[in-house]
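Novice: The structure follows.
The values are calculated or read from the model by the stated rules, or taken from the named source; none is laboratory data. In this text, all values refer to a predicted model and were calculated from it rather than measured experimentally. Heads up, the Cβs are rebuilt from the backbone with ideal geometry, glycines too, and the neighbour counts pull from every protein chain shown. All accessible areas refer to the heavy atoms of the entire protein, side chains included, with ligands and DNA or RNA removed. Shrake-Rupley method; radii C 1.70, N 1.55, O 1.52, S 1.80 Å.
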Amino acid sequence: MNTRDAHLPGYAIGGLAGGEEKDAFCRVVAQCASKLPVNKPRYVMGVGYPLDLVVCSALGADLYDCVYPSRTARFGTALVPEGTLRLKTAAMAADYRPIDDACDCLVCQKYSRAHLHAKITKEPHAASLLTYHNMRYQMRLCDEMRQVKHFFDVKGDHLCKVLGIHSEGDNFTTVPRVCSEFCSQAVSKQHGSGMAARGAFIS
């Protein structure tokens with residue numbers, strides 16, 4: 001592999017995101033990322049859930065691609081910091097707030113939840129708007145991972161918020177403990193070697 005490395009632009013980790021248990025997913029990404037050269041991007045194929053983006057980035061991955069932002073948009077669902085927002089529900093009909101008050105995307109600046117609710121079952125254009133927002137949500141998440149110094153501190157506010165972790169001492173719930181353990185170990189190695197957490201990009 002070292003002989004071929006000089007001629008390769010990067011490495012892909014595939015065969016995941018097919019319904020395997022989360023602990024198996026983490027173990028495979030961790031093992032692959034730890035063995036691949038650090039000077040080339042590591043691309044995890046088919047990964048798009050916010051949780052997976054955060055976990056894989058903590059484990060050393062750099063790039064991802066997935067249909068999740070557009071597929072979930074076609075079902076009338078928007079990505080928000082709290083999880084997902086189902087715009088087809090009746091409660092959205094009279095909700096004139098943007099999808100996400102903190103989002104800077106064009107959709108959140110111009111359209112209300114009620115407006116999107118009215119269009120989502122009638123106009124294909126609405127799915128395009130939700131896809132636009134969902135992609136921007138993922139990009140903002142990746143930007144935050146690159147910029148926030150302590151994002152990958154497993155007990156820090158940022159990572160706990162994204163992973164849905166409720167921590168009391170060393171006890172973690174909601175997310176499989178192995179995810180927290182792998183993230184913690186990976187980031188400790190990066191800090192110990194003087195490296196910052198690797199960047200996160202999504203296409």
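Novice: Return the residue satisfying two criteria in turn: it lies in region 3-13 and is at pLDDT 80 or above and open to solvent by less than 60 Å² (accessible area, probe 1.4 Å), and of such residues it is nearest to the chain's Cα centre (by Cα).
Specialist: Ile13
Novice: Out of curiosity, is Ala197 modelled with pLDDT of 75 or more and either of a type in the set (Asp, Glu) or out of contact with any Lys or Arg (no Cβ under 7 Å at 6 or more places or on another chain) (or both)?
Specialist: no
Novice: Can you tell me which residue is surrounded by the most Cβ atoms within 10 Å (Cβ to Cβ) among those in region 70-97 that are assigned to a helix (DSSP H, G or I) and either at pLDDT below 85 or in contact with a Ser or Thr (Cβ under 6 Å, 6 or more places away or on another chain) (or both)?
Specialist: Filtering region 70-97 for residues that are assigned to a helix (DSSP H, G or I) and either at pLDDT below 85 or in contact with a Ser or Thr (Cβ under 6 Å, 6 or more places away or on another chain) (or both), the one surrounded by the most Cβ atoms within 10 Å (Cβ to Cβ) comes out as Ala73.
Novice: Could you list, in sequence order, all residues of region 14-31 that are small (Gly, Ala, Ser), on the phi < 0 side of the Ramachandran plot and open to solvent by 30 Å² or more (accessible area, probe 1.4 Å)?
Specialist: Gly14, Gly18, Ala24 - these are the residues of region 14-31 that are small (Gly, Ala, Ser), on the phi < 0 side of the Ramachandran plot and open to solvent by 30 Å² or more (accessible area, probe 1.4 Å).
Novice: Under 16 Å from Met139 (Cβ atoms), open to solvent by 20 Å² or more (accessible area, probe 1.4 Å) and part of a helix (DSSP H, G or I): does that describe Ser34?
Specialist: no
Novice: Here is a follow-up. Could you figure out which of (1) at pLDDT below 80; (2) in contact with a Phe, Trp or Tyr (Cβ under 8 Å, 6 or more places away or on another chain); (3) of a type outside the set (Ser, Thr, Tyr); (4) within 23 Å of Ser34 (Cα to Cα) isn't true of Asp153?
Specialist: (2)
Novice: Can I ask one more? Taking region 93-151, which residues are hydroxyl-bearing (Ser, Thr, Tyr) and touching a Leu at 6+ places or on another chain (Cβ under 7 Å)?
Specialist: Result: Tyr111, Tyr132, Tyr137.
Novice: Considering only region 118-126, I want to know if a residue exists there that is open to solvent by 20 Å² or more (accessible area, probe 1.4 Å), in contact (Cβ under 8 Å) with a residue 24 or more places away in the chain and of a type in the set (S, T, N, Q).
Specialist: Checked region 118-126: at least one residue is open to solvent by 20 Å² or more (accessible area, probe 1.4 Å), in contact (Cβ under 8 Å) with a residue 24 or more places away in the chain and of a type in the set (S, T, N, Q).
Novice: Looking at Asp101, Asp143, which one is under 20 Å from the mean Cα position of the chain (by Cα), open to solvent by 70 Å² or more (accessible area, probe 1.4 Å), more than 17 Å from Arg71 (Cα to Cα) and not hydrophobic (A, V, I, L, M, F, W, C)?
Specialist: Going through Asp101, Asp143 in turn, the sole match is Asp101.
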